[in-house]
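Reading through the structure tokens given below for one structure.
The values are calculated or read from the model by the stated rules, or taken from the named source; none is laboratory data. Remember, it's a predicted structure, so these values are computed and weren't measured experimentally. For neighbour counting, all protein chains shown are included, and Cβ atoms are generated from backbone atoms with ideal geometry for every residue, glycine included. Please note that ligands, DNA and RNA were not included when accessible areas were found on the heavy atoms of the full protein model with its side chains. Shrake-Rupley method; radii C 1.70, N 1.55, O 1.52, S 1.80 Å.
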Amino acid sequence: MAFTGKYEIESEKNYDDFMKRLGLSSDTIEKGRNFKVVSEIKQDGQNFTWSQHYPGGHSISNSFTVGKETEMETVGNKKFKYSAPQIAGGREVVGGRISSHNIDILPLGVSTY
């Protein structure tokens with residue numbers, strides 16, 4: 001499935017919990033609540049670039065290859081290592097084996113914002 005395109009968040013279920021896990025302060029979380037963030041995803045085979053564009057011209061962009069560990073950065077400028085899972089028929093591939101659970105996937109394995 002190709003993810004290339006621009007996306008806007010329609011709902012923010014678990015917004016506070018997600019932002020706290022990114023390490024953002026309560027003040028920053030509150031300021032961000034009314035922002036209209038546009039996510040832009042570019043896919044070239046197993047290679048992805050995921051950019052988020054915020055009001056006022058601030059953007060953050062991360063690139064990764066499915067199945068390979070890469071260093072990424074949060075909106076709060078914190079770095080972390082991540083390995084995007086391989087997907088086969090809506091199921092995650094772990095260690096060359098397809099897991100038995102279905103998953104919802106966005107480019108970073110995040111299903112809600």
For the stretch 30-63, what are the residues that are open to solvent by 70 Å² or more (accessible area, probe 1.4 Å) and touching a Leu at 6+ places or on another chain (Cβ under 9 Å)? none
Looking at the stretch 42-49, is at least one residue under 14 Å from F3 (Cβ atoms), of a type in the set (S, T, N, Q) and modelled with pLDDT under 80? no
Quick count over the stretch 6-58, residues being closer than 17 Å to M72 by Cα and of a type in the set (K, R), is 2
Restricting the search to the stretch 31-42, which residues are assigned to a strand (DSSP E or B) and without any contact (Cβ under 8 Å) to a residue 60 or more places away in the chain? V38, S39, E40, K42
Look through the stretch 13-29, keep the residues that are closer than 25 Å to A84 by Cβ and open to solvent by 70 Å² or more (accessible area, probe 1.4 Å), and return whichever of them is modelled with the lowest pLDDT. K13
Taking F48, is it under 14 Å from the mean Cα position of the chain (by Cα), assigned to a helix (DSSP H, G or I) and touching a residue at least 12 places away in the same chain (Cβ under 8 Å)? no
Log entry, pairs with first residue in the stretch 69-81 being at negative phi and open to solvent by 60 Å² or more (accessible area, probe 1.4 Å), second being aliphatic (A, V, I, L, M) and not in a strand (DSSP E or B), beta carbons closer than 8 Å, six or more apart or on different chains, reads K78/L22
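Residues are listed down the side, and each one gets a yes or a no for (1) of a type in the set (S, T, N, Q); (2) not in a loop (DSSP other than H, G, I, E, B):
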{"site": "S11", "(1), (2)": "yes, no"}
{"site": "M19", "(1), (2)": "no, yes"}
{"site": "G23", "(1), (2)": "no, no"}
{"site": "Q52", "(1), (2)": "yes, yes"}
{"site": "G56", "(1), (2)": "no, yes"}
